[in-house]
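Some notes on the structure that comes next.
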Amino acid sequence: MNNKTQAITVPLESMEELYQGVFLAWIGSKQIAQNAQPGQFVMVSCNNYLLRRPLAVHKVSPEKNSFAILFAVCGKGTAWLSRQKPGIELNILGPLGNSFTLVPGAQNILLVAGGLGIAPLQFAAQVAREKGKSVTLLQGASTASCVYPSTSLPDGVKCYTTTEDGSCGAHCLVTEILHDYIGWADQIMACGPNAMYHPIATSNKQLFKVKPFQVSLEARMGCGFGACYGCSIKTARGMKKVCHDGPVFDYYDILWKENPGI
Ligand SMILES: Cc1cc2nc3c(=O)[nH]c(=O)nc-3n(C[C@H](O)[C@H](O)[C@H](O)COP(=O)(O)OP(=O)(O)OC[C@H]3O[C@@H](n4cnc5c(N)ncnc54)[C@H](O)[C@@H]3O)c2cc1C
């Protein structure tokens, strides 16, 4: 057992509904605030009888020894978490998994977020801006009330929004405006529902081949640190565990057709 697989008890510092059904929580932890990298996640115990739930590190404040998670209420665990009040103690593991990495020499970083995919990408944007990179975020949501507020993004990030019903930004899927920005980008980082990645593969193959492209995958997880094999997927480099070898993968390594469940 290493540090990452030892549960820690940490104080919940704040809980607010940032936008419709999506909560931002700040949690006190020097270990996570000072060691987490963009793309990593924590496993949060949401009530004793449930398995821990994976949630991305959304922001860090090393000065305050705290980090934030951003989550949508979609089931029993996240509903329980959203009801917790500042001052209670949470039982968590982390930071877990690998991270997004900036490719040497890449200056223009294109981020593609589908829905709650913004959760780890905010942290990626923060680190890229701190290193002086130009960052453009393409954000797709179902409707205006589900759009992450651009005022919460790090300074200097350019943000373009699409919604499925046209209530905010362009009236289309985020994957449909991607081709306009690929030429500009030196590197692409994406996070969203796994269904978002399939159209990318079919419609932009030629353009993407020359760009480093990292994606964060979602999978149902048991343990979160590679012990249970519950989140294994097929890749060009053999079977990989999303929690331990990922969640960030090289887009071109994923055998999309052979992983219908992701
Ligand atoms: C590495 C990783 C990082 C994640 N980061 C975030 C994050 O930052 N913010 C966030 O809101 N969500 C994130 N998720 C998804 C989140 O873990 C699930 O939404 C959560 O576990 C649901 O728990 P629940 O008890 O509320 O829902 P459940 O009652 O377990 O399920 C409710 C619904 O959510 C779906 N669901 C459950 N788990 C997942 C999952 N892992 N991926 C996709 N759908 C799921 C179920 O199919 C079901 O339809 C992440 C998932 C992974 C693997």
Legend entry - Filtered residue count, region 227-262, keeping only those that are assigned to a strand (DSSP E or B) and on the phi > 0 side of the Ramachandran plot: 1
Inset, instruction - Give Lys85, Lys64 a once-over and let me know the one that is more than 13 Å from the ligand (Cβ to nearest atom), under 21 Å from Phe123 (Cα atoms) and among the basic types (Lys, Arg). - result: Lys64
Legend entry - strands (runs of 3 or more DSSP E) contained in region 121-202 and holding at least 2 residues closer than 18 Å to Phe213 by Cα and in contact with a helix residue (DSSP H, G or I) (Cβ under 9 Å, 6 or more places away or on another chain): 134-141, 187-191
Inset, instruction - Can you tell me which residue within region 216-226, out of those that are touching a residue at least 12 places away in the same chain (Cβ under 8 Å) and on the phi < 0 side of the Ramachandran plot, is surrounded by the fewest Cβ atoms within 10 Å (Cβ to Cβ)? - result: Gly222
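Got a number for residues in region 144-172 being crowded, with 18+ Cβ neighbours inside 10 Å and not small (Gly, Ala, Ser)?
So in region 144-172, the residues crowded, with 18+ Cβ neighbours inside 10 Å come out as 146-148, 153, 157, 159, 161-163, 169.
Remaining after also requiring not small (Gly, Ala, Ser): 146-148, 153, 157, 159, 161-163.
Final tally of qualifying residues: 9.
All of the numbers you see were taken from the coordinates with simple rules; none came from a lab. Bear in mind the structure is a predicted one, so any value in this text is a computation, not a measurement. So basically every Cβ, Gly included, is an ideal-geometry build from the backbone, and we count neighbours across all protein chains shown.
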